[in-house]
Amino acid sequence: MAFEETRKENVAWFDERPSGNQVTSAARHLLETYSKIPAEQITDHHTEEYGEVLERLHQGQWFLDMACCFGQEIRQLVADGVPPENIYGCDLRPEYIELGYKLFCDRDRLQAKFLTADIFDDNSSLVKRRGDFNMVYTGSFFHLFGYEDQVRVSKAVARLLRPQEGSTIFGRQVGAVNAAEHEHRTNPARRMFRHNPESLKKMWKDIGEDLGVTFSVQATLHELDGDHFRFLAEDTRRIRFIIRRE
Ligand SMILES: C[S@@+](CC[C@H](N)C(=O)[O-])C[C@H]1O[C@@H](n2cnc3c(N)ncnc32)[C@H](O)[C@@H]1O
């Protein structure tokens, strides 16, 4: 299945000229210090689990940013001093990975590796990576799909994890107080399921039963900052989650 990209002028979240406070201080710092972009050319952040990711990368564990887009999280990790050799990014769109190199001005120095793959494709380059990763990060990814497809995508991501206790999926995405499936805002042919912690736990319990594995799920809802997601429903929140293989 291909991800149908919407044109920028059709999406409510696109700002051609973001104002200063839409670029968080962490993003600004990364662009200034890592990419060496002068401050005047640059028109959020660490969670507790970020510290865990840093520590585990220092121990030599393997990390994948699934649906990495421009790879900003990968640059943040590298800028924070972790060894880059075991860091991978993957996205459906090669042009986003290319734009990442352009944005961060690091094509000749970034040692993290990128793959292009559709998570639904059983013949993609990701399939060879099944069982490789101690940690997979998924930011704003699972929420792109309706419930049934989220189950398929989540299982595909779970198969990328090393089959051992402690392998972890970290993530954050759009959630809601009332878990429900919605029509995609810009593509009525698609559905998007917004989880609350209970629905996410139930989904991963079912996935675990199907895969013959137990997962523990920590999930929390967070208020949105400012007018972020102002175009979504009243009960919309951000959901952050950590899913560990037991
Ligand atoms: C909303 S962006 C999230 C980007 C980034 N992880 C973040 O948190 O800012 C969703 C990403 O998912 C990728 N994507 C969508 N469908 C995909 C699929 N079937 N397989 C792999 N990546 C996909 C898109 O290309 C896009 O880069």
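Key figures for this structure:
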{"item": "Residue match in region 150-158 (condition: under 26 Å from residue 89 (Cβ atoms), modelled with pLDDT under 95 and touching a helix residue (DSSP H, G or I) at 6+ places or on another chain (Cβ under 6 Å))", "result": "no"}
{"item": "Number of the condition not met by residue 183 [criteria: (1) away from the ligand (no atom under 13 Å from the Cβ); (2) modelled with pLDDT of 95 or more; (3) exposed (fewer than 14 other Cβ atoms within 10 Å of the Cβ)]", "result": "(2)"}
{"item": "Residue check, residue 209 at pLDDT 95 or above and over 19 Å from the mean Cα position of the chain (by Cα)", "result": "yes"}
{"item": "Among (1) under 16 Å from the mean Cα position of the chain (by Cα); (2) within 12 Å of the ligand (Cβ to nearest atom); (3) modelled with pLDDT of 95 or more; (4) outside any loop (DSSP other than H, G, I, E, B), the one test that residue 76 misses", "result": "(3)"}
{"item": "Meets criteria (at pLDDT below 95 and either under 18 Å from the mean Cα position of the chain (by Cα) or part of a loop (DSSP other than H, G, I, E, B) (or both)) for residue 188", "result": "yes"}
{"item": "Region 91-133 - residue that is touching an Asp or Glu at 6+ places or on another chain (Cβ under 7 Å) and within 14 Å of the ligand (Cβ to nearest atom) and, of those, farthest from residue 168 (Cα to Cα)", "result": "97"}
{"item": "Residues located in region 113-148, provided they are surrounded by fewer than 14 Cβ atoms within 10 Å (Cβ to Cβ) and acidic (Asp, Glu)", "result": "122, 148"}
{"item": "Selection count, region 134-149, where residues are within 14 Å of the ligand (Cβ to nearest atom) and touching a helix residue (DSSP H, G or I) at 6+ places or on another chain (Cβ under 7 Å)", "result": "6"}
{"item": "Residue selected from region 44-72 under the condition closer than 19 Å to residue 244 by Cβ and among the charged types (D, E, K, R), by the criterion farthest from the ligand (Cβ to nearest atom)", "result": "55"}
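The values are calculated or read from the model by the stated rules, or taken from the named source; none is laboratory data. Quantities reported herein were computed from a predicted structural model and do not represent experimental measurements. We place every Cβ from the backbone using ideal geometry, glycine too, and count neighbours over all the protein chains shown.
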